[in-house]
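This report concerns only the one structure given below.
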Amino acid sequence: MHLAGRTQRRAVPVTGAARTVLDLAAVLPRNRLHEAVDAVLRQRLLRWHDLLGVLVRHSRQGRDGCGKLRALLDERYGEARPPDSAFNRMVGQLLIDAGVGRLVFEREIFDGTHFVARVDLAFPPAKLAIELDSRRFHDNELSFVEDRRRANRLVNLGWTVLAFTYDDYRDTPFLLVQTVRDALRRLGSVDPVGQHVASDVHRF
């Protein structure tokens, strides 16, 4: 039972968070596993070394899920900040799978020591920012005004800002990827050719 990392919630014995992630890895598709890991990191229930530890402890047992968790850690171990939403992860993963380049989630941008904005995705060497707009968080008067002010401040700092919606992701993912690739090429950034573009688009 020690391998389960047993704990209690409201006096009920439950599997520990790290072991639960491993169990989820056995049954979830890749995209949902990434979202589950984002959630536990965002809520500070676990840190990267906790996930590595549970993998090491269970690998010798041949437990289901070890392969997928190992692949996730190989790709993301030490990532500074998880995305703030499932939609950000979905678009980021689309671009990663397409081999567009190395991106950063939730990048904070400063003008000297003055905080200017935090953007959903960024390619810092190219100074390319990507903002992802969902109706849930941006379809209101305050966001309508502030989003444009933020974009203007970023442009004045030399950043290029691209904005996409869920409809872009759902209906034309290849066009989304190509738009980012074209921007990186124009900005003189390295533009490796991706192996594939993810097609498992799911609802946000």
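A short reminder: the numbers here are calculations on the coordinates, not readings from a lab. Note that this is a predicted model, so its numbers are computed, not measured. Don't worry about glycine lacking a Cβ; one is built from the backbone with ideal geometry, like all the others, and counts go over all protein chains shown.
Overview of results
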{"read-out": "Selection count where residues are surrounded by fewer than 22 Cβ atoms within 10 Å (Cβ to Cβ), touching a residue at least 40 places away in the same chain (Cβ under 8 Å), assigned to a strand (DSSP E or B) and hydrophobic (A, V, I, L, M, F, W, C), scope the stretch 100-135", "value": "2"}
{"read-out": "Tally, over the stretch 169-185, of residues that are basic (Lys, Arg) and either farther than 17 Å from residue 128 by Cβ or in contact (Cβ under 8 Å) with a residue 12 or more places away in the chain (or both)", "value": "2"}
{"read-out": "The stretch 44-63: number of residues that are over 20 Å from residue 93 (Cβ atoms), free of Cβ contacts under 8 Å to residues at least 40 places away in the same chain and surrounded by fewer than 19 Cβ atoms within 10 Å (Cβ to Cβ)", "value": "11"}
